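In what follows, a structure is listed as structure tokens, so that the remarks can point back to it.
Read-outs: derived from the displayed coordinates by stated rules, not from any lab. Computed from a predicted structure; not experimentally measured. Cβ atoms come from the backbone with ideal geometry, glycine included; neighbour counts cover every protein chain shown.
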Amino acid sequence: MSTGAIIAIAAGVVIVLVLLLALVPRMRARGRRRQLEQRRGELANQHREAAAEQAARARAAESEAKRAEADAELHRAQADLHERGLADDELDGAGDGAGDREAPARRA
């Protein structure tokens with residue numbers, strides 16, 4: 001081999017090494033950015049899932065609260081009926097309506 005060819009090969013190797021040394025940090029940084037973006041996406045998805053679960057629990061609690069409010073309103077209405085004497089058939093304990101049916105007619 002001639003001296004010129006050896007120098008050309010050596011120069012080529014040096015150029016390739018310099019390019020690798022310059023590109024490796026950029027490639028690593030790009031990889032870290034991709035990894036960071038992936039982690040961000042995963043964490044964002046976890047937060048979205050937690051928010052969806054919490055919203056579902058809130059809807060269930062709201063539904064339970066509405067049911068409890070309706071039960072309370074039913075009890076208020078029953079109390080009002082008892083105070084007005086319109087539910088005396090429930091006073092006999094049987095609750096079948098076989099109580100004193102003539103009592104309201106006698107009061108009138």
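Any chance segment 80-87 includes a residue that's in a helix (DSSP H, G or I) and either in contact (Cβ under 8 Å) with a residue 24 or more places away in the chain or loosely packed, with under 10 Cβ neighbours inside 10 Å (or both)? Within segment 80-87 (the criterion being in a helix (DSSP H, G or I) and either in contact (Cβ under 8 Å) with a residue 24 or more places away in the chain or loosely packed, with under 10 Cβ neighbours inside 10 Å (or both)), the answer is yes, since at least one residue qualifies.
Quick grid of which residues meet (1) part of a helix (DSSP H, G or I); (2) among the basic types (Lys, Arg); (3) surrounded by 10 or more Cβ atoms within 10 Å (Cβ to Cβ); (4) within 39 Å of the chain's Cα centre (by Cα):
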| position | (1), (2), (3), (4) |
| --- | --- |
| Ala5 | yes, no, no, no |
| Ala8 | yes, no, yes, no |
| Val14 | yes, no, yes, no |
| Leu17 | yes, no, yes, no |
| Arg28 | yes, yes, yes, yes |
| Arg32 | yes, yes, yes, yes |
| Asn45 | yes, no, yes, yes |
| Ala50 | yes, no, yes, yes |
| Glu53 | yes, no, yes, yes |
